[in-house]
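Engineer: This is the structure I have questions about; it appears just below.
What follows is calculated from the coordinates using simple rules that are stated; it is not laboratory data. Please read all numbers here as calculations on a predicted model, not as lab measurements. Positions of Cβ are backbone-derived with ideal geometry, glycine not excepted, and every protein chain shown enters the neighbour counts.
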Protein chains: 2
Amino acid sequence: MKKLLLLVMAAMVSLSSFAQPTPAPAVLRHVVLFSFKAASTPEEVQQVAMTFAGLYGKVPQVKAFEWGINNSPEKLNQGFTHCFVLSFSSEKDLADYQLHPAHLEFQKVLKPHMDKVFVVDYWVK
Amino acid sequence: MKKLLLLVMAAMVSLSSFAQPTPAPAVLRHVVLFSFKAASTPEEVQQVAMTFAGLYGKVPQVKAFEWGINNSPEKLNQGFTHCFVLSFSSEKDLADYQLHPAHLEFQKVLKPHMDKVFVVDYWVK
């Protein structure tokens, strides 16, 4: 009976934490778009994307990572085809990421294939 | 006692659903960037942003909405200052959103102030 009561109390604490969630921490998004050189093969472009995605886990400042390939029918993408969104907790973390050896290595993989780059950062509202 | 047992069972079901999460559903991101006319005041620009953000809740196809103002030190934003990211469950939902009366109303609020627009859509990898 004591065990049951403890379980019920634990369930109630758990439920109350859902009812009153703590405010989400501030999130800084780093949105990076690339277009690639016509001479680069799909495999080379995929290798660049995989190397970029591989930074998640290697660079501890990167709190979340997602990416995808543009499929907008609006044709307002100015030739940019690949979109990467990295999430950080602070501007210092983003600055530290820029200088992290794994990010510098990625830039070497990117450089021969990149045509154009577009970057915006914003604090999520 | 029966009530207690039911509560415990409910707690166990709830906990097991956390232990074995179902795969996240596919997410289509719609990334929209604007630059605004020099003649538009900060208040007018803020009104545009608030009207855009107000679509979340009015247009049921919009599953998530976030936005922010560019603060990237890299200066690779080509003059675009405001970034909006809308999430959808399907390309049909995104197409339906484009034709929703609330979205068409928003476009009327936007039009006098918009300088440039940039759009990419991608399925989250």
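Engineer: List the distances, in nm to one decimal, from the label point of B:L76 to the label points of the same position in every other copy, shortest first, placing each label point 7 Å from Cα along the Cα-to-Cβ direction.
Structural biologist: Distances to the matching label points in the other copies: 2.3 nm.
Engineer: Based only on other Cβ atoms within 10 Å, what is the fewest-to-most ordering of A:Y56, B:Y122, A:Y97?
Structural biologist: In order of increasing Cβ crowding within 10 Å: A:Y56, A:Y97, B:Y122.
Engineer: Can you figure out the FRET efficiency of B:K37 with B:K125, using R₀ = 45 Å and their beta-carbon distance, to the nearest 0.05?
Structural biologist: It comes to 0.80.
Engineer: Separate question: Just want the ordering: A:V120, B:V119, from fewest to most Cβ atoms lying within 10 Å of their own Cβ.
Structural biologist: B:V119, A:V120
Engineer: Over all directions, what mean area does the Cα convex hull of region B:27-124 project, stated in square nanometres?
Structural biologist: Reported value for the Cα convex hull: 6.2 nm².
Engineer: Can you pull the one-decimal nm distance between simple spin-label points at B:D115 and B:D96, each 7 Å off the Cα toward Cβ?
Structural biologist: With each label placed 7 Å out from Cα toward Cβ, I get 3.7 nm.
Engineer: Give, to the nearest whole percent, the P(r) tail of region A:80-125 beyond 12 angstrom, counting all Cα pairs.
Structural biologist: 71 percent
Engineer: Between the label point of B:K111 and that of the same position in each other copy, find the distances and list them shortest first in nm, with every label point placed 7 Å from Cα along the Cα-to-C-beta direction.
Structural biologist: With the label placed 7 Å along Cα→Cβ, B:K111 yields 4.8 nm.
Engineer: Moving on. Label-to-label distances across copies for A:Q98, with labels 7 Å out along Cα→Cβ, in nm, shortest first?
Structural biologist: 3.6
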